[in-house]
Amino acid sequence: MTEFKKLPQDFLMGGATAAYQCEGSTTADGKGLVAWDTFLVEKGRYTAEPASDFYHQYPVDLELCKKFKIDSIRMSIAWSRIFPNGYGEVNQKGVEYYHNVFAECKKHGVIPFVTLHHFDTPKALFDNGDFLNRENVDHFVNYAEFCFNEFSEVYYWSTFNEIYPVASNQYLLGSFPPEIQFDISKTVTCLHNMMYAHARAVNIFKEGDFEGEIGVVHSLEYKYPATNKPEDVHAAKLDEALSIKFLLDATYLGYYSDETMALVNEILVANEQTIDIDEDDFVEMKKAANRNDFLGINNYGSHWVKEYKGESTLHYNTTGEKGSQVYRIKGIGERVIREDLPKTDWDWIIYPKGLYDLLLMVKEQYPNYNKIYITENGLGYKDHFEDGVIMDEPRIDYLRQHFNALSDAISEGVNVKGYFIWSLMDVFSWVNGYSKRYGLFYIDFETQKRFPKESAYWYKCVSETKTII
Ligand code: BGP
């Protein structure tokens, strides 16, 4: 007889969303623009309008959460609904909208986990340098404080979603606006300034009279050397230093360890670039380092890295044409495709043990992490819709394997308190549009009708029984 693994009784089962990817109504009720609004129109492929129309459909989605035993929704507040220009006058209609969403959450017994920034800086500030501009750090902190005061219904706050992808997609890979490539200096500056902004928001939250918990959501994907050769081991260390250690050091030490900084400097030197970090920032960051209530981890795979000596070359697979991804960065290394491991159509390697290894690494190397929520994990898939039935067996398989890895990590003493599938319902995907679906609920984007996929029934069962069937 098969022995099914278990999850703790108090393990939270959630669904994740992000404002820009689900709300639609991108200019409704006084919302200010974000860079994506104009960028997507320029690209002419698709827009975030009406996306999943969560702006109007949230009662339907929250009712589905209740029906399918989804305890919690991860969502974000669109900064530009509250402050259309990033600061200054408050847009009351935006404020009201989120009060209404939180009231509906309460009605259905669904706990909101709220992120303040999910790739959607107001355009006025984005055009002004986004987080490369320190004035925008102040604007973010003021917006955060406004939200803490206004939305007392919210208990769980995350400052940022995925600081590394913000910095690297904007300034290293160029896959997000403003499409700058291979600028390591801007990448590191952006990482640092966002971590500094995070620390300031955490300190305000902890020193204010706010009830609740605060953390940050990092995208963390384990880096393995492609072979045992010392050059490849070093390449994996370089990749890890920039994309994982720099952020975890900032979050949990409040400064960058000598080892992390030496590796990051090596990458900068190889690219003939420099950075300038103000030592005073560490005062604020060290104060915040022991104040994070939780760490949110987004995890979609792992990387195998080998030495690479040439110029940077990239191809980002946005079409779902398997095998087209290329990732070689000067001064870091090349991420290789492991032919022996399964991949999604978008070339993301499926390796649940990577999640296990990552969780153990956090526990061992950052013992003050406190507790962890997996804030995103899931399978991007071209779902087949047949007369209202969506048999997404590969997604169930993906979830089962990752839950088993989580259960193993919990048995090894990692304090993981919950899981949010990306995504609750199908949403718009930043650089892939609408064919890459992740949801437990299928959306017919023409009619906005929701259909539970087979995985939604599986998820419900796991949530009810805490047994990974
Ligand atoms: C994360 C983001 C999400 C989501 C997810 C899937 O990086 O936080 O917003 O988009 O990745 O990515 P994609 O839509 O590119 O497949």
TODO: From zero up to wherever the largest Cα-Cα distance of the chain sits, split into 10 Å bins and tell me the percent of pairs in each.
DONE: 4, 21, 33, 29, 12, 1, 0
Task: Listed residues HIS108, HIS118, HIS384 arranged by accessible area, highest first, probe 1.4 Å - done: HIS384, HIS108, HIS118
TODO: Any chance you could look up the accessible area of SER324 with a 1.4 Å probe, heavy atoms only, rounded to 10 Å²?
DONE: 30
Task: Charge tally in the Cβ shell below 14 Å around LEU40, where Lys, Arg are +1 and Asp, Glu are -1, LEU40 excluded - done: -2
Open item on the list: How charged is the neighbourhood of GLU145? Take every other residue with its Cβ under 13 Å from the Cβ of GLU145, and add Lys/Arg as +1 and Asp/Glu as -1.
Closed with: -2
Open item on the list: Keeping all protein chains in the complex and leaving out DNA, RNA and ligands, what accessible area do you get for GLU412 with a 1.4 Å probe, in Å² to the nearest 10?
Closed with: 100
Open item on the list: Only bridges whose two residues both fall in the chain count here: according to DSSP, what percent of them are antiparallel, nearest 5?
Closed with: 35
TODO: Would you mind telling me the share, in percent, of accessible area of region 378-448 contributed by carbon and sulfur at probe 1.4 angstrom?
DONE: 46
TODO: Can you sort PHE385, PHE4, PHE420 by 1.4 Å-probe accessible area, starting with the largest?
DONE: PHE4, PHE385, PHE420
Open item on the list: Placing unit charges on C-beta atoms (Lys and Arg positive, Asp and Glu negative, everything else neutral), compute the dipole magnitude of the chain about its Cα centre in debye, rounded to 20.
Closed with: 1040
Open item on the list: Per residue, how much accessible surface does region 317-469 expose to a 1.4 Å probe? Answer in Å², no decimals.
Closed with: 37
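Heavy atoms only, probe 1.4 angstrom, no DNA, RNA or ligands counted: give me MET194, MET391, MET261 ranked by accessible area, highest first.
These residues rank, largest area first, as MET391, MET261, MET194.
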TODO: Return a whole-number percent for the relative contact order of region 49-122, with Cα pairs under 8 Å and 6 or more residues apart as the contact set.
DONE: 42
Task: Per DSSP, loop GluC sites (Glu not before Pro) in region 17-94 with at most 16 further Cβ within 10 Å - done: GLU89
Task: Per residue value of the accessible surface for region 101-252 (all protein chains in place, 1.4 Å probe), Å² - done: 30
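The values are calculated or read from the model by the stated rules, or taken from the named source; none is laboratory data. Bear in mind the structure is a predicted one, so any value in this text is a computation, not a measurement. For neighbour counting, all protein chains shown are included, and Cβ atoms are generated from backbone atoms with ideal geometry for every residue, glycine included. The area values use the complete protein model at the heavy-atom level, side chains included, leaving out ligands, DNA and RNA. Shrake-Rupley method; radii C 1.70, N 1.55, O 1.52, S 1.80 Å.
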